[in-house]
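Asker: Quick one: this structure, given as structure tokens, is what I'll be asking you about.
A short reminder: the numbers here are calculations on the coordinates, not readings from a lab. Here the structure is a predicted model, which means the values were calculated and not measured. Neighbour counts run over all protein chains shown; Cβ positions are idealised from the backbone, glycine included.
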């Protein structure tokens with residue numbers, strides 16, 4: 001929706017609530033869980049847009065990521081017995097710890113395997129791991145706790161080669177059972193490729209190609225292109241990277257994908 005339309009709706013909603021003298025109350029009992037889930041989802045989406053911008057000239061929007069991180073921490077303090085609130089705070093801190101290494105001096109994306117882990121924020125990693133420990137102690141196995149566990153696997157690896165990809169693939173499998181989605185399955189395929197090889201992952205990806213939810217999702221052809229390149233099927237890989245670049249709305253992302261296509265030998 002256009003931003004002015006949403007702004008008008010917010011103004012009207014505030015006016016309606018004010019005129020009806022609706023009091024502010026913290027939800028309790030059965031009302032709390034669905035409302036908390038909605039708040040967590042919004043914070044998560046705000047962070048994702050800051051972490052990898054869907055449009056514009058910059059790969060990241062740090063202001064959005066930092067605001068989401070602030071809100072997640074605040075919520076974890078207000079709801080210290082809610083595993084998913086703690087899980088989200090853990091996830092965002094672990095993800096944000098990499099932001100200083102996700103671009104080079106020219107602002108170009110640096111992929112996870114190529115990042116200088118010495119530039120990761122280790123204070124954020126410690127805080128994220130501590131929040132995750134509290135969440136799991138409360139028995140949390142929801143979507144944010146599981147994603148935080150995946151992020152923790154990366155955070156604990158001193159170098160990319162030490163990453164426990166088999167555990168990450170298993171965690172994505174558990175996440176797919178808790179909250180099935182084609183995007184989760186796509187991420188599981190990436191982990192499977194690292195744990196069991198590109199051929200095994202390509203089978204998963206090819207099952208996703210007909211999913212309507214991923215029709216305009218640039219990461220599907222991007223991942224498929226990466227797998228095909230590892231299998232030496234360079235012409236097919238190049239076509240996938242070009243398709244991904246055409247779908248990308250972010251200028252830096254488009255540049256990255258076009259560069260990968262051009263770098264492939266015949």
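Asker: Mind checking which residues of the stretch 85-100 are more than 16 Å from residue 153 (Cα to Cα) and surrounded by fewer than 24 Cβ atoms within 10 Å (Cβ to Cβ)?
Answerer: Hits for the stretch 85-100 are 99, 100.
Asker: Take residue 166 and decide whether it is free of Cβ contacts under 8 Å to residues at least 24 places away in the same chain and surrounded by fewer than 17 Cβ atoms within 10 Å (Cβ to Cβ). Outline the logic, then answer.
Answerer: Details: free of Cβ contacts under 8 Å to residues at least 24 places away in the same chain: no; surrounded by fewer than 17 Cβ atoms within 10 Å (Cβ to Cβ): yes.
For residue 166, the condition - free of Cβ contacts under 8 Å to residues at least 24 places away in the same chain and surrounded by fewer than 17 Cβ atoms within 10 Å (Cβ to Cβ) - is not met.
Asker: Going through the stretch 143-159 one residue at a time, which ones are without any contact (Cβ under 8 Å) to a residue 60 or more places away in the chain and over 11 Å from the mean Cα position of the chain (by Cα)?
Answerer: Listed by number, the residues that qualify are 143, 146, 149, 153, 156, 157, 158, 159.
Asker: Go through 9, 61 for me and flag whichever is surrounded by 11 or more Cβ atoms within 10 Å (Cβ to Cβ) and closer than 23 Å to residue 111 by Cβ.
Answerer: Working: 9 fails: closer than 23 Å to residue 111 by Cβ.
So the residue among 9, 61 that is surrounded by 11 or more Cβ atoms within 10 Å (Cβ to Cβ) and closer than 23 Å to residue 111 by Cβ is 61.
Asker: Could you list, in sequence order, the residues of the stretch 1-25 that are outside any helix (DSSP H, G or I) and under 28 Å from the mean Cα position of the chain (by Cα)? Show your work before the answer.
Answerer: Of the residues in the stretch 1-25, the ones outside any helix (DSSP H, G or I) are 1-2, 20-25.
If the condition is that a residue be outside any helix (DSSP H, G or I) and under 28 Å from the mean Cα position of the chain (by Cα), then 1, 2 are the ones that fit.
Asker: Any chance you could count how many residues in the stretch 41-59 are out of contact with any helix residue (DSSP H, G or I) (no Cβ under 6 Å at 6 or more places or on another chain) and assigned to a loop (DSSP other than H, G, I, E, B)?
Answerer: Looking only at that region, the number is 5.
Asker: With the requirement that a residue be loosely packed, with under 11 Cβ neighbours inside 10 Å and outside any helix (DSSP H, G or I), what does the stretch 26-40 give you?
Answerer: 26, 28, listed by residue number.
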